[in-house]
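Reviewing the structure listed below.
FYI, it's all coordinate maths here, none of it is from the lab. Please read all numbers here as calculations on a predicted model, not as lab measurements. All Cβ positions, glycine included, derive from the backbone under ideal geometry; neighbour counts span all protein chains shown.
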Amino acid sequence: MPDHDIHVHYVTRVEGHGDIVCKTNNGVVEKAEFNVVEAPRFFEAACVGRAHYEIKDIVTRICGICACGHALASLRASEAAMSIEPSEQTVDLRKIVLHGETIQSHFLHTYFLAAPDFLGVGSVIPLASSHKDVVVRALKLKKLGNDISETIVGRHVHPITLKINGFSKLPDPAALKAIQKRVIEALPDIEATVDLFSTIKVPELYRETEYISLGPTNGDKEYPFYDGDIISSLGQSYRPSNYQQVCNEEVDPKHTAKLCKHKAPSYQVGALARFNNNYNLLRPEAKKIAEKLNLKAPNHNPYNITMAQVVEAVHVAYDLIDLIDKVLTKGIKEENNKYQPKAGTGAGAVEVPRGILFHSYKYDSNGICQWADCVIPTTQNVRNINEDMKTLVPTIIGKSQEEVSLLLQMLLRAYDPCISCSTHLINVRFE
Amino acid sequence: MSKPRIAFFDFSCCEGCQLQVLNCEDELLDLLALVDIVQFREAMTEADWNFDIAFVEGSITREQDEPRLKKIREAAKLVIAIGACSGMAGINAIRNAMPVDKAKEIVYGNKKDAFESTFARPIDTVIKVDGYIPGCPIDRKDFLRTVQALLVGKKPPDHDYPVCQECRLRENECLLTVGIPCMGPITRGGCDAIEPTFGSPCIGCRGLVSEANIESCKQMLEKHGLTIEDISKYMTIFNSFQKEEKHA
């Protein structure tokens, strides 16, 4: 049996810098792991001493791909800390923004980052000549996500109008209507995406783990992205303010990201965790797609995270049509979004494309940030990815070096990791 | 004539500027007809070190980053810094106000020595840079204009005029007149005044204009009941890297 000695330095088609190391000796796995090697970025330190209205503009810069998600988790944390309750209009518009980001990010991942592996190419670029229709469709769908952001928040990287307790500028109803029309027109393209992915067979891997995501609060019927309690598939729920009891971050010198653990030795967050925990809340249109993709909840193959993203994209598209209807029917009104800063600590939990994201801040009575903490989805997944790799390698050990390396990279890519996000710091205290 | 070969690299950043390149959905296929993209880790596996133009995103924050950056410089005919992190250390430099060792201790506690990090610096502290596309993030049109200029051998536009100029062209209500501090008068344009257009003040992500008229800016602020301090708190969000730190 050939032994493997694999070191993928800076895995490609993922956001940020991570390495994969795999070593086997006489058919025994000595090492199979994913290491975060991104340079530390010290965001929470950068927040300390900053005013409440500056924090969002700093923390959205944690990540280009989920900039709106970071902005929303940040605003929710600031609002919780200062006991501010934004209006229903604000909440609905924010949900539209988050859906726009989910669409853009899920299509970026499924088409540009994951699909090339299934089609046997190194990137989407050669597909531009061999599968031009697919690339044009992918660009069109990604652009739709971007244009939703542009209509409501100015630009996707980095959102402008999102503010504590409201918006610096409300969207034009006609522009929102036009976006809705484009979502409806995109449904056949989304359908074609489903068809494409239904022909793809993901690699085999079975490993039961703990799934953590938002879950509905008080019998709410909505598949939760923006709002809800934190739930575990092992049966426990927490209010967002108790997020630290869920993630239990700790330092490991191998990773510039911290590691998380709840009840099981590791847990998973992201599209598959949401799908597994909240399947019943998916829209019927999305459930039908899950059936077509042969995806049943709970599913314990992490390669299916990509498939769960396809299901979610369908859910989100139909939900967007309804949400925009709701906002337009009620009419977009100028609101008073003034607020008084006050002392307090608060947390926000939002489902961003890659999983549950927590932000938490402590403010003094002038609204100056005293302490900040951001717990990123990829940070929460690192341990789970490593456990998956340890389970995977013994089952593929007889394959060639290239095949083993590719299967490990595909596994990591399935998680759609956001590595520059994951490196951050906790526990900044200024005396 | 073979197509120019371009490559993308990143150091400490959010990769949002590279995402802005991927966000040129309407132009991407045309761009691919004009150039060959030979390295772009965020989007492709192939990695060819034979290229003409390198676009570099991100700040230098570790000694181990320097050899990689120098290798890029040696391989490229032109190096273009993209984004605030690369061009002026941007948001990464906020933490420069704190001693590195102290920051690491706060972050990683007694395991701090396992992590390497120095001050956040722009890439031109390590290598010679041939051009800059400023902004956090870069503006898509600005990126395309720059590529266009480089392909025909022209100097890329440098937009050395304040954001206010474009803000007026868009007929926005001036935020200063309604008492909102805005860095527009002293910040380099080229972004179509996107922040004020969406009702939010400019926070200086494109760096200062080369000859910011501080005196006239002061007079204008006074006229609206604001002080230079009102806008200077925004100075340290993107503009906290000091030139004298460059060779520190």
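Pull up the DSSP beta bridges for the protein assembly as shown and report the antiparallel fraction as a percent, rounded to 5. Could you put the intermediate results ahead of the total?
Numbers: 44 of 64 bridges.
Just about 70 percent of them are antiparallel.
To the nearest 500 deg cm²/dmol, what mean residue ellipticity at 222 nm is calculated for chain A from DSSP H runs of n ≥ 4 alone, each contributing -39,500 (n - 2.57), summed and divided by the residues? Don't skip to the end; give the middle numbers.
On the way: 15 runs with 190 residues, N = 431.
Rounded to the nearest 500, it is -14000 deg cm²/dmol.
Taking the DSSP beta bridges in region B:1-154 as the whole, what percent of them are antiparallel, to the nearest 5? Each step should come with its number before you reach the end.
Values: 3 of 20 bridges.
Of those bridges, close to 15 percent are antiparallel.
Which ordering of B:C217, B:C17, A:C22 is given by a fewest-first count of other beta-carbon atoms within 10 Å?
On the way: B:C217 19, B:C17 30, A:C22 25.
Neighbour counts put them in this order, fewest first: B:C217, A:C22, B:C17.
In whole angstrom, how far apart do the alpha carbon centroids of region A:159-189 and region A:1-33 sit?
Region A:159-189 and region A:1-33 have Cα centres spaced 43 Å from each other.
Shape verdict for chain B, please, from the Cα gyration tensor: rounded (a/c under 1.5), prolate (a/b greater than b/c) or oblate. Mind showing how you got there, number by number?
Details: a/c = 2.14, a/b = 1.20, b/c = 1.78.
It comes out oblate by the Cα gyration axes.
Among A:8-20, A:118-130, what's the highest-first ranking by average C-beta atoms within 10 angstrom per residue? Numbers along the way, then the final one.
Working: A:8-20: 21.2, A:118-130: 15.7.
The peptides rank, most packed first, as A:8-20, A:118-130.
I need the helices of chain B that pass two filters: whole DSSP H segments spanning 18 Å or more by Cα along the axis, and mean Kyte-Doolittle score no lower than -1.0.
Numbers: long enough: none.
Within chain B not a single helix satisfies the rule.
Can you tell which of B:L78, A:G166, A:S123 lies farthest toward the positive end of the dipole of the protein assembly as shown, using +1 and -1 charges on the Cβ of basic and acidic side chains (Lys, Arg; Asp, Glu)?
Value computed over the given set: A:G166.
What size of dipole, in debye to the nearest 20, comes out for chain A about its Cα centre when the only charges are +1 on Lys and Arg C-beta atoms and -1 on Asp and Glu C-beta atoms? Don't skip to the end; give the middle numbers.
Details: 47 positive and 51 negative charges, 103 e Å.
Dipole magnitude for chain A comes out near 500 debye.
Which log10 I(q)/I(0) values, to two decimals, does region A:253-350 give at q = 0.16 Å⁻¹ under the Debye formula with one point per Cα?
-0.88
What's the angle, to the nearest 10 degrees (0 to 90), between helix A:305-330's Cα axis and the longest principal axis of chain A?
20
Assuming a ≥ b ≥ c are the square roots of the Cα gyration tensor eigenvalues, decide whether region A:33-181 counts as rounded (a/c under 1.5), prolate (otherwise, with a/b larger than b/c) or oblate.
Working: a/c = 3.03, a/b = 1.39, b/c = 2.17.
Verdict is oblate for region A:33-181.
Using alpha-carbon positions, what is the distance between the centroids of region A:78-131 and region A:295-364, in Å?
Distance between centres, Cα-based: 11 Å.
When the Kirkwood radius is taken over all Cα pairs of region B:5-151, what Stokes-Einstein diffusion coefficient follows at 4 °C and 1.567 mPa s, in µm²/s? Don't skip to the end; give the middle numbers.
Values: Rh = 15.9 Å.
It comes out at roughly 81 µm²/s.
Quick one, can you get me the convex hull of the C-alpha atoms of region B:163-243 expressed as volume per residue in Å³? Numbers along the way, then the final one.
On the way: hull volume 7.1 nm³, N = 81.
Here the figure is 87 Å³ per residue.
Can you tell me the order of A:186-196, A:356-366, A:88-98 when each peptide is scored by its average per-residue count of other Cβ atoms within 10 angstrom, highest first?
Working: A:186-196: 16.5, A:356-366: 22.5, A:88-98: 20.5.
Top to bottom by mean Cβ count within 10 Å: A:356-366, A:88-98, A:186-196.
Comparing A:N146, A:N26, A:N276, which has the greatest mean-square fluctuation in the GNM of chain A with Cα pairs linked when under 10 Å apart?
Of A:N146, A:N26, A:N276, the most mobile in the Gaussian network model is A:N26.
What's the average, rounded to a whole number, of partner chain beta-carbon atoms within 10 Å of each residue's beta-carbon in B:16-24?
Working: counts 13, 2, 3, 11, 5, 0, 8, 13, 2.
What the average comes to for B:16-24 is 6.
Once chain A is represented by equal point scatterers at the alpha-carbon sites, with solvent omitted, what log10 I(q)/I(0) does the Debye formula produce at q = 0.07, 0.10, 0.12 Å⁻¹?
-0.32, -0.66, -0.97
Which shape class, rounded, prolate or oblate, goes with region A:161-284 when its Cα gyration tensor gives a ≥ b ≥ c as root eigenvalues, a/c under 1.5 marks rounded, and past that a/b bigger than b/c marks prolate?
Note, shape of region A:161-284 comes out oblate.
Between A:S365 and A:N280, what FRET efficiency follows from the Cβ-Cβ distance if R0 is 56 Å, with the result rounded to 0.05? Before the final figure, lay out the partial values.
Working: r = 44 Å, r/R0 = 0.78.
That gives a FRET efficiency of 0.80.
B:T45: net charge of surrounding residues, Cβ under 13 Å, Lys/Arg +1, Asp/Glu -1, itself excluded?
Working: positive: A:R13, A:R413, B:R41; negative: A:D117, A:E402, B:E42, B:E46, B:D48.
Summing Lys/Arg as +1 and Asp/Glu as -1 gives -2.
By how many nm would the segment from B:D26 to B:Q219 lengthen if fully extended, with 0.36 nm per residue of separation less the alpha-carbon distance?
Numbers: separation 193, 0.36 × 193 = 69.48 nm, distance 4.35 nm.
Length gained, B:D26 through B:Q219: 65.1 nm.
Looking only at other chains, what is the average number of their beta-carbon atoms within 10 angstrom of each beta-carbon in A:55-65? Write out the running numbers ahead of the final one.
Values: counts 0, 0, 10, 5, 1, 4, 14, 3, 5, 15, 6.
The shielding value for this peptide is 6.
Each residue of region B:44-60 in order: what ³J(HN,Hα) in whole Hz does its phi give by Karplus 6.51 cos²θ - 1.76 cosθ + 1.60, θ = phi - 60°, with x for Gly and Pro?
8, 8, 4, 9, 9, 8, 9, 8, 9, 10, 10, 9, 10, 9, x, 8, 8
Rank B:S216, B:C174, B:M235 by how far each Cα sits towards the positive end of the charge dipole of region B:163-243 (+1 on Lys, Arg Cβ; -1 on Asp, Glu Cβ) and give me just the farthest.
Final value for the positive-end residue is B:M235.
Hey, got the average number of other protein chain Cβ atoms within 10 angstrom for residues in B:37-47?
Working: counts 2, 1, 1, 4, 8, 10, 10, 11, 10, 6, 3.
Rounded to a whole number, the mean comes out at 6.
Under a plain spin-label model, where a point goes 7 Å from the Cα along Cα-to-Cβ, how far apart in nm are B:E74 and A:T345?
The answer from the label model is 5.1 nm.
I'd like the distance between the alpha-carbon centres of region B:28-94 and region B:133-195, rounded to an integer number of Å.
Rounded to whole Å, the Cα centres lie 22 Å apart.
For A:D3, which sequence-distant residues (separation of 5 or more, or a different chain) have an amide H within less than 5 Å of its own amide H, given hydrogens modelled in the peptide plane?
none
Going by average Cβ density within 10 Å per residue, which order do the peptides A:243-252, A:341-350 take, highest to lowest? Write down the numbers at each step before the final one.
Numbers: A:243-252: 17.5, A:341-350: 20.1.
Top to bottom by mean Cβ count within 10 Å: A:341-350, A:243-252.
Pick out which of A:Y223, A:Y206, A:Y279 has the largest mean-square fluctuation in a Gaussian network model of chain A, springs linking Cα atoms closer than 10 Å.
Of A:Y223, A:Y206, A:Y279, the Gaussian network model singles out A:Y206 as fluctuating most.
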